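The values are calculated or read from the model by the stated rules, or taken from the named source; none is laboratory data. Keep in mind the model is a prediction, meaning the values are calculated, not measured. Note that each Cβ is placed from the backbone with ideal geometry, even for glycine, and that neighbours are counted across all protein chains shown.
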Amino acid sequence: MSFSVNRQRSLWWGISLVVILSGLMAMAISSVSLGSPLRLGLDFIGGTRLQFELACSTTNTCKQPIDIDVVRRILNQEGLGNSSLQVIDQYGIGIRTIPLGVEQRTRLSSALTQELGAFNPAQTQIETVGPTLGGQILRSGLLALLVAFIGITIYLTLRFQFDYAFFALVALFHDVLLTAGIFAILGLTLGVEIDSLFIVALLTIIGFSVNDTVVIYDRVRETLKLNPDLNIKEVVDQAVVQTLGRSINTTLTTLLPLVTIFIFGGDTLRFFALALIIGFVTGAYSSIFVASTLLAWWRDRQPTPTPSPVT
Amino acid sequence: MGKYRGWLIAILVLLMAATWVIVRTPARLGLDLRGGAQLTLQVQTTDKVPQITPQVLSAVQSVVQKRIDGLGVAEAVVQTAGDDKLLVQLPGVTDPEQAERILKGTAQLLFAPQKPGTEAQLQVERQIQAQLLLEQTQLLLEQSQNANNPEALADIEAKLAKNRESLAASQQAIANLFAPSELTGAMLQEAFASPVAPGSPNWNVIVRFDPQGAELFARLTKEIAGTGRSIGIFLDDRLISAPTVSAQYAETGIIGGNAEISGGFTAQTANDLAIQLQGGALPVPLEVVENRTVGASLGQDSIRDSLYAGVVGLVLVLVFMVAYYRLPGLIADIALVLYAIFTYAAFLLFGVTLTLPGIAGFILSIGMAVDANVLIFERTREELRLGKTLYRSVESGFDRAFASILDSNVTTLIACGALFALGTGFVRGFAVTLAIGIGVSMFTALTCSRSFLFYAISIPSLRKPTWFCPKLETLK
């Protein structure tokens, strides 16, 4: 037994705490400056996002790149001065405004066409999300998270025991908090916004994180059954070492496609892939270093040995 | 080893079935991939309609559906979403503005008396319109059948545009045959289908007006009773029914605010008309709460990038498995390719609409599908290191890994269930694709990998422990 995960558990817990605390700090700063712990995207707060590309860019006949000042002036004329504005590849523009109705939107796009030239409809992207709908998406997303938490806890309590389920849940919170924290930091530094795909990512992380934890727990349960007198710390150490190869390989095979999506996939999926990469790495970490060590610590403190769970 | 031969044949049959499904079924691409507009409409409550009941929603849905049919968009989808929302998908529509405008207005229901001396003309015009509508249905069908043939499509679309013009002209011509009237759907209280006699296959539609409407209706019917002229019932300016009033009402008109529209309806058509009337009568405004429009070529770029990423990711995983697990790795790779084929066939069978997040879920599930194999092979290696025979090791590898595979997949399925039950739109799509992926991956890992592996070790020349665990000799 060369590697003992329990020997240096304060170090592992410390690492997790530091990362989580910096994430929480970023969320606090973000709450004060942006009004929410994470920088919320269109999906949640509502608004209109318009993306246009000049028709001449496909034929390479554009005389001059889009002048951002002209666009800014048009937006001011329409009373949309607060909108965020971005020129994409010289001949494209992305505009993010408050929710616009059909008439306002038509007026804006025709004003832009007049000043800048015709846009290519095949490259146009319009998204409008009403503020009420945005709130609903966020609420239903958080509710889905909560229901998933409860369902998983019940299932694990039935298959293992309640303390197993509880620490798996702690590991879950750890992964979700950590991923959210890193995105809070990204939101503050790079302006990364979260959308509904982020909620999807969190739920996938939950599934995967428990996945990892369950495999180790399964080993703990099995080892305990074979050697009921063994110290719980040793049982956990053994279980971790025995499943380490699997943990590393599975994380690797899952990360491979995610990294390819992150690098080659379109813009829409890039941050989705990043959230999953962060979540899966921390999921593997928390299963090995948090969920199992906490279980060992807890069972070690129990005065009477608990009977080994029945499969 | 006859048992495994049986499984191998079953897998082969399944593979052929899946291939057949893939070849025969066209993929349903989401709007984010094929381009088009997706609108979410929220039904608003008013003083008159303080609560959105399922009846109200289905009435509004029917009106919206009719309006979209009027737009002439092929393969448009109108679904209810939640208690008070409608989801409208318009593939290929790059200018959602027109759609938005048409959908938002309240359906207008109008009762108008026919002008004198237009009886013959009305019949001719209605025949023309019926012909045009038939033609439109035919053209829309052709349009969806020729979706992959741009040349034919252009031709069909030109014909459709012409047909739409003729329809509008015909509608106008019909409308001109009726006199203006003040009796509108706003004065309608109720409309429902009812059999002519109990148990009869013939149905009527009963309408009930409010007092003001009842008075107008009595006046109107009195005017045309026995003349052979009809009352035109217009929904959104389109004549949906033109019943006549029999001579017995010539004295007073139809009083009491109740009217029966008879016209040889079946239960189905009577109910449809009742819903239309009810829907048309409902002064509920719609609000567009979400509008996502993606240009056609933007979608193409995303597909290409995502597929590229998916294939690269899959190849890396395949290479890794052979490099690390040797012969079992190769077998897992075969199972993995089967997994990809089966899952894709399952998507097509279940009618899953492929969206960008859905493709991501699929790619992700490929990575996760390896997990079951990794668990089994790691276990097999352990048993080999403990000195067990190859056959025993493989067997207990499968047996012992099963509990882990089951537990870990069930927890992921629970998360999928929560996403599906509470999520909306594409979030649900992601949940479905991930859940199908997990189900199929358990099947391929436990059935395909197992049969292949046992079949492999039944061949003597493949029975070398080092092909299962490279460093076995040095460990011993």
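Number of residues in the stretch B:386-404 that are within 11 Å of B:PHE468 (Cα to Cα) and either crowded, with 22+ Cβ neighbours inside 10 Å or within 12 Å of chain A (Cβ to nearest Cβ) (or both) equals 2. Among the residues making up the stretch A:91-117, those that are within 17 Å of B:LEU298 (Cβ to Cβ) and either loosely packed, with under 12 Cβ neighbours inside 10 Å or small (Gly, Ala, Ser) (or both) are A:GLY92, A:GLY94, A:SER109.
When the residues of the stretch A:1-54 are narrowed to those that are β-branched (Val, Ile, Thr) and under 16 Å from the mean Cα position of the chain (by Cα), which ends up nearest to A:VAL200 (Cα to Cα)? It comes out as A:ILE20. Taking the conditions (1) under 14 Å from the mean Cα position of the chain (by Cα); (2) farther than 25 Å from B:VAL294 by Cβ; (3) within 9 Å of chain B (Cβ to nearest Cβ); (4) of a type in the set (Gly, Ala, Ser) in turn, A:GLY141 satisfies each one other than (2). Quick check on the stretch A:163-180. Is at least one of its residues more than 8 Å from every other protein chain (Cβ to nearest Cβ) and of a type in the set (S, T, N, Q)? Within the stretch A:163-180, one or more residues are more than 8 Å from every other protein chain (Cβ to nearest Cβ) and of a type in the set (S, T, N, Q).
Against the test of being part of a helix (DSSP H, G or I), more than 23 Å from A:ASN6 (Cα to Cα) and touching a Lys or Arg at 6+ places or on another chain (Cβ under 6 Å), the options A:GLY207, A:GLY187, A:GLY141 yield a single qualifying residue, A:GLY187. Set side by side, the residues B:GLN38, B:GLN98, B:GLN44 differ, and just one is modelled with pLDDT under 80 and within 14 Å of another protein chain (Cβ to nearest Cβ), which is B:GLN98.
For A:ARG159, are the conditions met, namely being more than 15 Å from the chain's Cα centre (by Cα), surrounded by fewer than 21 Cβ atoms within 10 Å (Cβ to Cβ), of a type in the set (Lys, Arg) and within 23 Å of B:LEU375 (Cβ to Cβ)? In short, yes. Tell me yes or no: at least one residue of the stretch A:215-233 is surrounded by 24 or more Cβ atoms within 10 Å (Cβ to Cβ) and more than 12 Å from chain B (Cβ to nearest Cβ). Scanning the stretch A:215-233, I find no residue that is surrounded by 24 or more Cβ atoms within 10 Å (Cβ to Cβ) and more than 12 Å from chain B (Cβ to nearest Cβ), so the answer is no. Residues that are part of a helix (DSSP H, G or I), under 28 Å from the mean Cα position of the chain (by Cα) and more than 10 Å from every other protein chain (Cβ to nearest Cβ) do occur in the stretch B:350-370. When A:GLY187, A:GLY191, A:GLY207 are checked against the criterion of being assigned by the TED database to the domain that holds A:PHE280, closer than 30 Å to B:GLY397 by Cβ and of a type outside the set (D, E, K, R), A:GLY207 stands alone in meeting it. Among the residues examined, A:ARG105 qualifies as within 24 Å of A:ASP43 (Cβ to Cβ), at the interface with chain B (Cβ under 9 Å from one of its Cβ atoms) and out of contact with any Cys (no Cβ under 7 Å at 6 or more places or on another chain).
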